Amino acid sequence: MIIGFDLETTGLEKKYDKIIEIGLVKFDESTFEIVDTYSTFVNPEIWIPELISNITNIYDSDVEWAPKISDIKNELLDFIWNAPLLWHNIAFDTGFFIENGIDVSQNISLDTFFLANFLRRYEKSLNLEMLCKSYDIWFSWAHRAINDVHATINLFQKLLGTFWELDEEKKKQLHYIFSLSEDKNINYLEFLLYGDK
């Protein structure tokens, strides 16, 4: 099982900004069947900046009665456990989790942005919305956690399909590049792409 995840936050600084929404989707890495979902607003205990509300459509009134991150920490850890985590530009979200005591530093991290750099490098932009548009992936209400997660899972599936359509020479080249890495995240991605080869 892999867990796609996304956070919406009050800003970009993990030391100062706060989580306002969490979306987690557990899915089977072979069939892409969704197994379980976890989604919640989070009370950040600070005001949400107007700019963030304009981007996310999340307002103070939405999070006023939501649980605090400390109240759901154990639920989140139980849901995530040791599953690989998937997101687009994953370091941002994992950094916020770790800063809030949800230690996912030992979980495998799969990043569709990293994979897109190999498979879609000719695109004008490698952001999530533009890649989804390029693949004709339906994507509405961007910057809402659960919607972004579903878009990322669909993008991941499309990127894997793009890899499998490569000619054998290009697959071998990527295999060689990945095989040089000692990074556990790249090793796991290599396993997904190549199996036991």
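Brief remarks on what is shown
- Residue match in segment 31-53 (condition: modelled with pLDDT of 95 or more, in a loop (DSSP other than H, G, I, E, B) and among the hydroxyl-bearing types (Ser, Thr, Tyr)): no
- Enumerated helices (runs of 4 or more DSSP H) restricted to segment 130-197, each holding at least 2 residues that are more than 23 Å from Val104 (Cβ to Cβ), of a type outside the set (Val, Ile, Thr) and open to solvent by 30 Å² or more (accessible area, probe 1.4 Å): 145-164, 168-179
- Matching residues, segment 11-31, being within 23 Å of Asp111 (Cβ to Cβ) and in contact with a strand residue (DSSP E or B) (Cβ under 9 Å, 6 or more places away or on another chain): Asp17, Ile19, Ile20, Glu21, Ile22, Gly23, Leu24, Val25, Lys26, Phe27, Asp28, Glu29
- Condition met for Asp78 (of a type in the set (Asp, Glu), closer than 18 Å to Thr9 by Cβ and not in a strand (DSSP E or B)): no
- Residues satisfying the stated conditions in segment 83-100, i.e. farther than 20 Å from Phe163 by Cβ and part of a helix (DSSP H, G or I): Ala91, Phe92, Asp93, Thr94, Gly95, Phe96, Phe97, Ile98, Glu99
- Residue in segment 19-32 that is farther than 23 Å from Phe156 by Cβ, free of Cβ contacts under 8 Å to residues at least 60 places away in the same chain, of a type outside the set (A, V, I, L, M, F, W, C) and surrounded by fewer than 13 Cβ atoms within 10 Å (Cβ to Cβ) present: no
- All told, Ala116 meets the bar of being open to solvent by less than 40 Å² (accessible area, probe 1.4 Å), farther than 16 Å from Ile22 by Cα and in a helix (DSSP H, G or I).
- Restricting the first member to segment 38-67 and to residues that are on the phi > 0 side of the Ramachandran plot, and the second to residues that are at pLDDT below 95, the beta-carbon pairs closer than 9 Å and six or more apart or on different chains are Asn57/Trp141; Asn57/His143; Asn57/Arg144.
- Condition broken by Asp103, with the remaining ones in (1) touching a Phe, Trp or Tyr at 6+ places or on another chain (Cβ under 9 Å); (2) open to solvent by 20 Å² or more (accessible area, probe 1.4 Å); (3) part of a helix (DSSP H, G or I); (4) of a type outside the set (Val, Ile, Thr) satisfied: (3)
- Hits in segment 130-144 (condition: modelled with pLDDT under 85 and among the aliphatic types (A, V, I, L, M)): Ala142
- Only one of Ile177, Ile186, Ile137 that is under 21 Å from the mean Cα position of the chain (by Cα) and farther than 20 Å from Ile34 by Cα: Ile186
- Each residue in segment 119-129 was checked for being in a loop (DSSP other than H, G, I, E, B), modelled with pLDDT of 85 or more and closer than 20 Å to Leu193 by Cα, and 1 pass.
The values are calculated or read from the model by the stated rules, or taken from the named source; none is laboratory data. Predicted model only: the values in this text are computed from it and were never measured. As a convention, Cβ positions derive from the backbone with ideal geometry for all residues, glycine included, and neighbour counts pool all protein chains shown. Just the protein is used for accessible areas: all its heavy atoms, side chains included, with ligands, DNA and RNA removed. Shrake-Rupley method; radii C 1.70, N 1.55, O 1.52, S 1.80 Å.
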